[in-house]
Structure formats: C-alpha cells, structure tokens
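Below: the structure, in structure tokens.
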Amino acid sequence: MVTDTLNPYPVNDTSAFSFGIRPWGRWGIIALQWKQKIDFDKKMDGGVVEFSIDSGATWQNTFNNPYVYNFYGYDTTNRDTLMTGEYAFSGTDSNWRDIWLCFDYSYLSTTDSLALRFRLLTDAVDSNKEGWLIDNMMAHVTYIHTAKAAEKVDKLTVYPTRTSGIVHIDAEKRNEFYIIEQLTITDAMGRRVKAYKNCPTRFWIDLSDQQDGLYYVRVKTNFQEKVFKIILAH
C-alpha cells in the first residue's frame, strides 16, 4: 500500500483500510508483520494504527495501549502525538522498517474478533511529502515471542515497586491458555481504586490519577493469585 505512487498525499485526508483476523486458538501470540517507510509533516500529519475487539464498534490506538502485547521495529523518534491528540507514525524515515504488532492469543480468545485499521490523518497544509508506504503485510501465530526474552525466575512479576504512575504486570508465557482473570488495585485502607478483567499476561496500569501512598495489586490468573505492594510517589 502507498498513499500515492506519483503525487504527494492530499490535504484534509482521513482515508483508511481495515481487515479482520478471527482467532482460532486458545494460546500463543498473534503477530502482524509489515514493512514501511514514512514521509509526513512531523506532528501535523501521520499514520494511525488501531485495533478493535468488538467488530469495529469501537477502535483503540495501538500506541501506549496495555492490551497490545508488543509493538516494535520502528524508529521511536517517528512515534509522535499529532495536533489532533492522537498517537501516530509521523516525521520522515526513508529506511524500510520491519514492524511487528503482537497480541496475546489467550486474551483475544475472550473477545469476538480482532480487526486492524490503518488510518491517514492530514491537515489543510500541502507539505509535498510522500506519506505512508506499506508492503509485505503478513500475520503469524507463534508460541514463543518474536522478541526473545530472558527466562524469568519469578513467573509473575509486578514492577516497579515504587512508581510515579505506571505499573507493569508481566507473567511468563505458558504453552496453554493463560490469562489474567482479575486485576484489582486497592489503597492502604482497602478501598478498590481500579479493577480489570480478562487482561493479557503482559499488561500495565496507570496510577498517576491517585494520591501518593501504599497500594496493593492483586493479580489472579487462571493458575495462581498473588498480591504485590506498590508505593506511589509523584
């Protein structure tokens, strides 16, 4: 896919293409792979990658999303927030990049389907740039992660134990159905401040909207349940 083989991308453009992937397993990782070059007016124009798990009724941005297992291969300087407030690929990268976007299959098996959408966003100024070039798009199912990770001593970890907001939950992948069934955060008084259900085994939460202090993170998978202490200090 290319925005145009001869001309610069048009102004005020919101064109997009989308496709669906229906999960057919209960565990593993589904990895979408493609090659891309980009040539956008930085921060003003860009390409947004989104996913839907409710047949397109709602769409979520794949950048900075805890339900995305991994998203890598691009130059991080080309990940930016547009003037519209949306995260997107922006700026210029003339190298063909091998991009990987990964989702936890156990998590997806609890949803209706998976749909992906690639959407162009441009403003009213003609920047005379090429736009978004995408090629060789493929979908894989794998039972080990595409980026090799070090073996964990503890099979379920929550970190950092002292944070200004972001807390990561990471469970080692299993060769079987594995999901965080319940994730509950309570304060020192036992009051529940956040709760989630049916999350991927690599997930993160943001406590930056809470007051400083001690919090308990209770993680219940379909195999085990543990409680972790977290200190929040802005």
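For the stretch 78-117, what does the alpha-carbon gyration tensor say about shape, rounded, prolate or oblate, given a ≥ b ≥ c as the root eigenvalues, a/c under 1.5 as rounded, and a/b over b/c as prolate?
Working: a/c = 3.65, a/b = 1.76, b/c = 2.07.
Since a/c reaches 1.5 but b/c is at least a/b, the shape of the stretch 78-117 is classed as oblate.
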I'd like the FRET efficiency for I231 and E86, computed as 1/(1 + (r/R0)^6) with the beta carbon distance as r and R0 of 35 Å, rounded to 0.05. 0.60
Determine the gain in length on full extension of the stretch N198-K220; use 0.36 nm per residue of separation and subtract their C-alpha separation, reporting nm with one decimal. 6.9 nm
Between S113 and T58, how many nm apart are label points set 7 Å from Cα along the C-beta direction? 1.9
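Under the 0.36 nm per residue contour assumption, what length would be gained going from the current alpha-carbon distance of F177 and A139 to full extension? Spell out each step's value before the answer.
Numbers: separation 38, 0.36 × 38 = 13.68 nm, distance 2.02 nm.
Taking F177 through A139 to full extension adds about 11.7 nm, to one decimal.
Evaluate E = 1/(1 + (r/R0)^6) for R79 and R191, where r is the Cβ-Cβ distance and R0 equals 41 Å; express this FRET efficiency to the nearest 0.05. Walk me through the numbers before you get to the answer.
On the way: r = 36 Å, r/R0 = 0.87.
FRET efficiency, R79 to R191: 0.70.
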At what distance in nm do the modelled label points of K35 and N12 sit from each other, each positioned 7 Å from its Cα along Cα→Cβ? 3.6
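Which shape class, rounded, prolate or oblate, goes with the stretch 115-234 when its Cα gyration tensor gives a ≥ b ≥ c as root eigenvalues, a/c under 1.5 marks rounded, and past that a/b bigger than b/c marks prolate?
Note, shape of the stretch 115-234 comes out oblate.
Only Cα pairs under 8 Å and at least 6 apart count here; give the relative contact order of the chain as a rounded whole percent. It would help to have the intermediate numbers written out before the result.
Numbers: 559 pairs, mean separation 59.5, N = 234.
Relative contact order here is 25 percent.
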Reachable aspartates and glutamates from K197, criterion Cα separation under 18 angstrom, eight or more residues apart if same chain: D54, D104, D112, D170, E181, D206, E225
Exceeding 22 Å between C-alpha atoms, which entries from my cross-link table qualify? They are K43/K194; K37/K173; K35/K173; K37/K129. K43/K194; K37/K173; K35/K173
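Any read-out appearing in this document is the output of simple, stated calculations on the displayed coordinates, not a laboratory observation. Since the model is a prediction, treat every value here as computed from it, not as a measurement. Heads up, the Cβs are rebuilt from the backbone with ideal geometry, glycines too, and the neighbour counts pull from every protein chain shown.
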